[in-house]
Amino acid sequence: MLTRLLRLGPALPRLLLNQPARFVSQSKPSGSAGSAAVTQLHPAVDQGGHGEVDPYLKNPDYHGFSQDPHVDLWNMRMAFFCGISVVLVIGGTFLAYIPDNAETWGRKEAERLIVQREAQGLPLISENYYDPSTIVLPTAGEE
């Protein structure tokens, strides 16, 4: 990478100092390769002073909430505050703290098993997790 930069030689400082510029032609198009502008296709119609006023001409920072620039700014701020702070933060907190349905299901299942075991005359909790008759134990010689 450094060798590629060194190949530029004396041109490197000029490239770093000169910021890129955008050159726009100020001459009129010749017409042979130019495209038609919207104003050429549809000429402006005079509304006689009763036409619709573009809100962007009146307020360049128009956000679409109100025609008044001050009210528009504050409505935009309140909309984003409510949208981000209230909905995301408080909504996320609400979702994190809603009761878990698994806890209520577990309690209902435990109550159902207690009623079933009492009806069968079995103890609520067995002392053996597995049935001891199904467990195969090694003999004393195999240890």
What figure, in Å² to the nearest 10, do you get for the accessible area of residue 115 with a 1.4 Å probe and non-protein molecules left out? 90 Å²
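Could you give the C-alpha radius of gyration of segment 61-143 expressed as a fraction of 2.2 N^0.38 Å, taking N as the number of residues it contains?
On the way: Rg = 31.1 Å, N = 83, 2.2 N^0.38 = 11.8 Å.
Segment 61-143 yields a ratio of 2.63.
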If DNA, RNA and ligands are ignored and the probe is 1.4 Å, what is the ranking of 130, 97, 62 by accessible area, most exposed first? 97, 130, 62
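Taking 0.36 nm per intervening residue step and subtracting the Cα-Cα distance, what contour gain separates residue 93 from residue 28 on full extension?
Values: separation 65, 0.36 × 65 = 23.40 nm, distance 6.11 nm.
Computed gain between residue 93 and residue 28 is 17.3 nm.
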Reported to the nearest 10 Å², residue 88 has, with a 1.4 Å probe, an accessible area equal to 120 Å²
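From the convex hull of the Cα coordinates of segment 50-107, what is the mean projected area in square nanometres? Intermediate results must be reported in sequence, preceding the final value.
Numbers: hull surface 24.6 nm².
Reported value for the Cα convex hull: 6.2 nm².
The values are calculated or read from the model by the stated rules, or taken from the named source; none is laboratory data. Because the structure is a prediction, the values reported are computed rather than measured. These area figures cover heavy atoms from the full protein model, side chains too; ligands, DNA and RNA do not enter into them. Shrake-Rupley method; radii C 1.70, N 1.55, O 1.52, S 1.80 Å.
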